[in-house]
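Report on the following structure.
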Ligand SMILES: [Fe+2]
């Protein structure tokens with residue numbers, strides 16, 4: 001289901017891990033070919049072609065790797081023809097033209113091949129031990145149970161081995177990567193398993209032409225999904241361009257949002273949020289001041305203190321930003337963080353004046369990241385504070401302006417860097 005994109009192989013344990021996975025994968029392949037030798041050429045041709053198409057149209061996963069429907073197709077070839085044919089189909093699925101064109105390093109190929117051979121290999125061996133082949137209709141409770149068990153074995157091995165590689169490569173917690181990259185794939189995996197059962201049943205009952213109605217739509221659906229992910233990236237990029245243009249006009253805040261995004265990510269990691277939330281908070285941070293697009297430029301660039309009218313103008317930006325960001329589908333659930341990024345714990349902030357735990361966690365994080373950056377850069381009416389002074393400011397205002405726990409996380413990050 002997934003092909004890992006391991007970003008570096010600098011670390012020795014990762015190097016050992018990749019080779020070990022590859023060698024165990026090859027051992028599985030040799031075992032299956034020598035023990036279940038009857039390979040169906042028709043099966044290899046039909047299902048090989050399908051997995052080849054599927055893999056070359058796969059979609060990138062949020063963090064690393066990619067997702068494709070080829071597990072469903074490979075599982076169907078296992079049910080219809082047995083482990084040896086499925087093993088050859090797996091080898092075909094390993095050849096990914098895109099990866100060769102993009103000159104993906106050899107170790108990624110080694111790892112991807114190894115982890116896929118292990119996952120399909122163990123899944124196939126268990127399948128062959130338990131599955132009872134008989135008449136055309138193989139659908140009985142025991143056989144369905146076997147297919148579900150094998151599907152679980154595949155998913156478990158595939159995601160665990162891949163998570164291990166990312167964890168070693170990027171030094172991010174194992175569970176964090178798993179939750180962010182794979183937990184959301186469980187319903188999709190169940191769907192692929194059910195599709196594999198349908199594909200093999202129709203194939204057995206009505207012949208190979210049924211693949212046109214079962215596997216092809218899967219590949220097309222996958223391609224559509226890939227386009228959707230591309231669209232989402234394009235949308236984010238254009239919004240970030242708008243932020244850049246906006247900040248370029250406001251002489252005092254050039255690069256502010258990017259820095260707020262970096263601080264927010266560090267705070268979120270310190271607070272042990274999962275990778276999915278970290279990705280959301282980074283996007284929100286990049287967009288937190290997008291509402292300033294409606295604030296008068298003469299106010300934003302005003303040298304000296306703002307008068308009451310100016311403040312009324314500036315204080316509109318969280319609501320305007322919220323209205324913009326809640327139109328972005330994947331950010332709408334957390335867009336309130338933008339609405340409330342100027343609230344204070346004691347209720348003296350704006351626009352709503354909510355206090356304490358009424359303020360969403362993401363808003364509290366944005367608030368501290370935003371305030372820290374504002375404190376440590378020169379502004380029209382204040383000079384930049386030093387890091388030590390800013391830390392003191394965070395400490396003094398924890399519990400009144402800032403959430404004590406989030407402020408504590410930021411202070412820990414900053415003091416950690418000083419050591
Ligand atoms: Fe703001």
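With contacts defined as alpha carbon pairs under 8 Å and 6 or more residues apart, what's the relative contact order of the chain in percent? Walk me through the numbers before you get to the answer.
Details: 569 pairs, mean separation 55.4, N = 419.
The value is 13 percent.
If packing is taken as the average number of other Cβ atoms within 10 Å across a peptide's residues, how do 358-366, 185-193, 111-119 rank, most packed first? Working shown, then result.
On the way: 358-366: 22.9, 185-193: 16.6, 111-119: 26.0.
Put in order of decreasing packing, that is 111-119, 358-366, 185-193.
The distance separating the Cα centre of segment 10-43 from that of segment 190-250 comes to 29 Å.
The calculated pair-distance distribution of the chain uses every alpha carbon pair, bins of 20 angstrom beginning at 0, and gives 23, 42, 26, 8, 0 percent.
For residue 405 and residue 348, compute 0.36 nm times the residue count separating them, minus their Cα-Cα distance, and round to one decimal in nm. Provide the component values of the computation, followed by the final result.
Values: separation 57, 0.36 × 57 = 20.52 nm, distance 1.86 nm.
Fully extending the segment from residue 405 to residue 348 adds 18.7 nm.
Full extension of the chain between residue 31 and residue 95 yields a length gain of 20.9 nm, computed as 0.36 nm times the residue separation minus the alpha carbon distance.
Based on the Cβ-Cβ distance from residue 388 to residue 16, what FRET efficiency comes out when R0 is 41 Å, to the nearest 0.05?
With a Förster radius of 41 Å, E is 0.40.
In this simple spin-label approximation, residue 224 and residue 357 carry label points 7 Å from Cα along the Cα→Cβ vector, and these lie 4.3 nm apart.
Mind running the shape call on segment 144-300? Use the C-alpha gyration tensor, a ≥ b ≥ c as the square roots of the eigenvalues: rounded below 1.5 for a/c, prolate if a/b tops b/c, oblate otherwise. Judged from the Cα gyration tensor, segment 144-300 comes out oblate (a/c at least 1.5, b/c at or above a/b). Only DSSP H runs of four or more residues enter the estimate; each adds -39500 (n - 2.57), and after division by the residues of the chain the mean residue ellipticity at 222 nm equals -22000 deg cm²/dmol. If R0 equals 41 Å, the separation of the Cβ atoms of residue 254 and residue 184 corresponds to a calculated FRET efficiency of about 0.65.
FRET efficiency for residue 149 and residue 175, Cβ-Cβ distance as r, R0 = 22 Å, nearest 0.05? So the FRET efficiency works out to roughly 0.40.
Read-outs throughout are calculated quantities, based only on the coordinates presented, and are distinct from any laboratory measurement. Since the model is a prediction, treat every value here as computed from it, not as a measurement. A quick note on method: Cβ atoms are made from the backbone with ideal geometry, for glycine too, and the neighbour counts reach across all protein chains shown.
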